[in-house]
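The next block holds one structure in the form of structure tokens; read it before the comments.
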Amino acid sequence: MRSIKFFAVALVIAAAVLKSPAAMAEPDKIRVAIPVQALFFMPLFVAQDTGIFKKHNLEVEVVSTNGDGPDIDALIAGSVQFTVSTPNRLLTAYQQGKPLLAVMNVLDRMGIACFMNKEVAQKVKLDEAKTLEEKFKKLKGLTIAGTRPGAFTYLLAVDYLKRAGLKPQEDAKILGVGGAQSMIAAVENGKADMGCFGSPVIELAVQRGKSVWFINNTRGEDPTYKEFLFQLLYVKPDYAKAHADIVRRMAASLLEANRWIASAPKDKLLPIAKAKFGAVADDTLWTAIENVKPAYSQTGIITEKAVQAAVNFLKATDMLTGDVPWTAVSDNSYLPK
């Protein structure tokens, strides 16, 4: 009888030890590259600050590379395991025979938007434009700022000019001016008439009083970009095959963060954003958060339509020369069932 009781007690103690934090498996340490600090990447910040990554047994370091391009170079080189970024390199890498793999759609519409110098907007009578095409035609003779050639901030300007029947660098100039502060300064000081970036940079530029919105894509003002592969989680295919469980936990974490953001009250969400964008006033930052909220995907699913929209965009801006099969660059099987 004593031996039975002793065995039962031993089982209880063993179970307690196994459940203790010290006995749990060490978290998987991973690095994720992002191109810039922007609200597009709030799911990463939320997952860190709320313990979502920890819940999924992940320890995540987020690295900003100050532009899309270097972030994918880091992924290809193996210095990071994931990137959350725009799909241009995903699609061009396929064309070059070096495929990468998208496993989650983080933002499912175009998040880059544009702001114009207020005096320039008055000069070109921007408020008189009734359609998008009329707005785009107002860009003739102007100088537009993106972060760097080839970045989405730059390509969006190329697209707008072409949709107006204008020739980039002939009918209007496009410059690469660097990051957020440089872009706001360029537009305010007359080096550029318009800049294209993401939130909260545009909201900050408008709040400063010298700029106005040109177009707001996260609010769906341009129907072309309402279902669009814009910010996605992607990896190298061989990493996904070898570490499928980590990829699933990463996707599950970001999807949980997206859903948390959708319903989080101001007093919970604003402090997380404030830690990353402390120079932006609370009211302006909250306006930016509310502006981006509708773009965070609540399913994470990569649709054929979203991929095709991104392919069309890159073909129109001369970054792609052919089509890219939807299933060749994306895999929804890593998403939570």
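Where a number appears in this text, it was derived from the coordinates with a stated rule and is not lab data. Computed from a predicted structure; not experimentally measured. Cβ: placed from backbone, ideal geometry, glycine included. Neighbour counts: every protein chain shown.
Tell me, what is the percent relative contact order of the chain, built from C-alpha pairs under 8 Å that lie six or more residues apart? Each step should come with its number before you reach the end.
On the way: 612 pairs, mean separation 86.5, N = 337.
Once divided by the residue count of the chain, the mean separation gives 26 percent.
Taking Rh as the Kirkwood radius computed over C-alpha pairs, what is the Stokes-Einstein D of region 262-337 at 25 °C in a medium of viscosity 0.890 mPa s, expressed in µm² per second?
158
How much mean residue ellipticity at 222 nm does the chain get from its helices, if each DSSP H run of length 4 or more adds -39500 (n - 2.57) and you divide by all residues, to the nearest 500 deg cm²/dmol? Let's see the in-between values first.
Numbers: 16 runs with 152 residues, N = 337.
Counting only the DSSP helices, I get -13000 deg cm²/dmol.
Across region 18-161, how many lysine pairs, 8 or more positions apart or on different chains, have C-alpha atoms separated by under 27 Å? Please give the number.
21
If the limit is 31 Å between Cα atoms, which of K210/K276; K210/K293; K236/K266 go over it?
Working: K210/K276 24 Å; K210/K293 25 Å; K236/K266 36 Å.
With Cα atoms farther than 31 Å apart: K236/K266.
Only helices at least 24 Å long along their axis, Cα-based, and averaging 1.0 or more on Kyte-Doolittle count here, so list those DSSP H runs from the chain. Please list the in-between numbers first.
Details: long enough: 2-19 (26 Å, 1.71); 244-263 (29 Å, 0.26).
Qualifying helices: 2-19.
Excluding M42 itself, calculate the net charge of residues whose Cβ lies under 11 Å from the Cβ of M42, where each Lys or Arg counts +1 and each Asp or Glu counts -1.
Values: positive: K276, K293; negative: D49.
Once positives and negatives cancel, what remains is +1.
Among the trypsin sites (Lys or Arg not before Pro) within region 106-169, which fall in a DSSP loop and have no more than 10 other Cβ atoms within 10 Å of their own Cβ?
Sparse-neighbourhood loop trypsin sites (Lys or Arg not before Pro): K125, K130.
What does the convex hull of the alpha-carbon atoms of the chain project to on average, in nm²?
Projected over every direction and averaged, the Cα hull of the chain covers 19.8 nm².
Once the mean 1/r over all distinct Cα pairs of region 168-323 is inverted, what Kirkwood radius in angstroms do you read off?
Values: mean 1/r = 0.0549 Å⁻¹.
Taking the inverse mean of 1/r over all distinct Cα pairs, region 168-323 comes out at 18.2 Å.
Summing Lys, Arg as +1 and Asp, Glu as -1, what charge do residues with Cβ under 15 Å from the Cβ of A242 carry, A242 excluded?
Net local charge, A242 excluded: 0.
May I ask what percent, to the nearest 5, of DSSP beta bridges between residues of the chain are antiparallel?
On the way: 17 of 34 bridges.
Roughly 50 percent of the DSSP beta bridges within the chain come out antiparallel.
Dividing the Cα convex hull volume of region 113-216 by residue count, how many Å³ per residue is that?
Details: hull volume 8.4 nm³, N = 104.
Cα convex hull per residue, to the nearest whole number: 81 Å³.
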